[in-house]
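A quick write-up on the structure given underneath.
The values are calculated or read from the model by the stated rules, or taken from the named source; none is laboratory data. Computed from a predicted model, the values in this text were never measured in an experiment. Note that each Cβ is placed from the backbone with ideal geometry, even for glycine, and that neighbours are counted across all protein chains shown.
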């Protein structure tokens, strides 16, 4: 890892922990294992560094591409949503920090949220493809459906540890329920349950 990338990663870690005020160049440099002189060779100001760090972070968020040719919307969306939820949950402290400081530092939040914009566009295009292939009703607004599903996943990832009483079900069950409700809302076919065999009954 080169010095610039080390500084970007250090800036994200310190910012998530301490916010803009607490993310001093000295602390970021220490986190990256360099001195402040080295930091200022790469970035003129702290704001420039934080903007670059959040933009770098947004570009490199782990995502799962949805199929160009949908076949099984339920299975495909379950896999996609699990990946998205897992990544949101891992970075929830960073998201809370940037949203909490939006009024004072809107640019930082906007840089960090570019990943969400990109992910939403991917989901919206996938839902368009479901309509085009007659795997869903032709008259729903894919942007509304996208916001509904992503909103549910976002609220779950952000609120599961702060409001546990709202989430008595597991993360795995949550994703399945959110996807199932979305597919029903857009008129997509639900998966056919596997037949119960004799051997399955004996195993119960």
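Summary table
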quantity	calculated
Flag for residue 119 being within 22 Å of residue 149 (Cβ to Cβ) and part of a helix (DSSP H, G or I)	yes
Selection status of residue 102, assigned to a loop (DSSP other than H, G, I, E, B) and over 24 Å from residue 136 (Cα atoms)	yes
Some residue of segment 156-163 being exposed (fewer than 13 other Cβ atoms within 10 Å of the Cβ), assigned by TED's automatic domain parsing to the domain that holds residue 81 and either at pLDDT 95 or above or not in a loop (DSSP other than H, G, I, E, B) (or both)	no
Helices (runs of 4 or more DSSP H) contained entirely in segment 3-93, each with at least 3 residues that are modelled with pLDDT under 90, closer than 30 Å to residue 171 by Cβ and in contact with a helix residue (DSSP H, G or I) (Cβ under 6 Å, 6 or more places away or on another chain)	46-59
Residues within segment 123-139 that are buried (at least 18 other Cβ atoms within 10 Å of the Cβ) and more than 18 Å from residue 68 (Cα to Cα), tallied	0
Subset of segment 97-124 [within 30 Å of residue 74 (Cα to Cα) and in contact (Cβ under 8 Å) with a residue 24 or more places away in the chain]	112, 113, 114, 115, 116, 118, 119, 120, 122, 123
